[in-house]
Amino acid sequence: MDYSSTPTGFRQQPKVRMRSPGPGVSDPNQLFDDTSSGPAGYRSQEGSGIGYPAQALLSEPMSNFAMAYGSSLASQGREMVDKNLDRFIPISKLKYYFAVDTVYVGKKLGLLVFPYMHQNWEVSYQQDTPVAPRFDINAPDLYIPAMAFITYILVAGLALGTQDRFSPEILGMQASSALVWLIIEVLATLLSLYLVTVNTDLTTIDLIAFSGYKYVGMIVGVLAGLLFGKTGYYLILLWCCVAIFVFTIRTLRLKILSEAAAEGVLVRGAKNQLRMYLTMAIAAAQPIFMYWLTFHLIR
């Protein structure tokens with residue numbers, strides 16, 4: 001080893017540059033290797049793997065239990081909703097009122113416009129249950145009233161559009177007004193039946209159906225007004241008003257009047273007189289509503 005001379009006479013050792021230890025080499029001055037930290041890759045794998053079998057064993061039963069509990073809650077909620085909904089809105093009964101076909105709809109529309117030649121107005125029964133409307137033209141339905149109500153709103157919009165008075169707000173008010181008057185009419189009829197103490201098989205849905213048939217004549221009247229002016233409107237509406245009056249009288253007299261009156265026997269007694277007046281009042285209200293809800297659509 002080469003020693004350079006110094007003024008004191010001693011040779012000084014050359015400075016040796018020490019290499020830094022590699023990443024896997026520990027400090028040379030350290031007596032023991034620090035193994036507490038361990039390799040980084042090993043610790044990350046160990047940390048991520050701890051508890052995995054236990055989580056796998058616990059997560060599957062818990063998820064199955066949660067799914068079963070959720071499905072049971074959903075089924076219970078659906079049963080509760082169906083039970084409460086059927087209490088206020090009898091879904092099973094509504095199916096009966098929409099059991100119609102094309103033949104029934106055509107015959108019923110003809111009966112609403114020209115009821116004078118029809119003879120038998122009694123509803124057919126099968127084992128104390130009325131037959132479906134598609135098998136009996138005298139049975140009430142909700143298909144024609146519902147479609148007639150929607151068509152009336154559309155025709156009203158058409159009439160307002162031809163007069164440059166159309167707007168969504170006016171059309172909404174027209175629909176709301178027609179619906180409110182229908183509800184008022186049904187409620188007033190129910191109250192009248194209660195006050196007169198009529199024992200009848202008429203239901204609220206039947207009254208809605210009979211009150212909704214007038215929209216057919218209203219549609220015909222408004223269309224006639226659009227095509228032929230006010231003269232055509234008044235003539236056709238008058239015809240439809242008389243037709244719906246006769247239809248309502250002949251239909252409801254079998255429901256409201258007594259059996260003797262329904263068979264054509266002279267009506268006697270205070271109760272039968274009240275029932276007759278009530279039937280005529282319900283029938284007379286139909287033309288009034290027909291005119292009230294359509295006269296402003298024709299100018």
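The values are calculated or read from the model by the stated rules, or taken from the named source; none is laboratory data. None of these values were measured; they are calculated from a predicted model. Cβ atoms come from the backbone with ideal geometry, glycine included; neighbour counts cover every protein chain shown. Each accessible area value is taken on the protein alone, full model and side chains, heavy atoms only, with ligands, DNA and RNA left out. Shrake-Rupley method; radii C 1.70, N 1.55, O 1.52, S 1.80 Å.
Once the C-beta distance of LYS107 and TYR291 is scaled by a Förster radius of 30 Å, the resulting FRET efficiency is 0.65 to the nearest 0.05.
Between LEU202 and MET147, the simple label model (points 7 Å from Cα in the Cβ direction) yields a spacing of 2.6 nm. Placing a pseudo-label 7 Å from each Cα along the Cα-to-Cβ vector at THR129 and TRP181 gives an inter-label distance of 3.8 nm.
Legend: calculated FRET efficiency, ASN64 to PHE98, from the Cβ-Cβ distance at R0 = 41 Å, rounded to 0.05, equals 0.45. Distance between the modelled labels on PHE228 and ALA284, one decimal in nanometres: 2.8 nm (7 Å Cα→Cβ projection).
Maximal additional length on extending the LEU158-SER75 stretch stands at 25.3 nm, based on 0.36 nm per residue less the C-alpha distance.
Probe radius 1.4 Å, ligands and nucleic acids ignored: give me the carbon and sulfur share of the accessible area of the stretch 130-219 as a rounded percent.
Values: 3030 of 4200 Å².
So the carbon and sulfur contribution to the accessible surface is 72 percent.
Averaged per residue, the stretch 142-299 has 51 square angstrom of accessible surface, using a 1.4 angstrom probe with ligands and nucleic acids left out.
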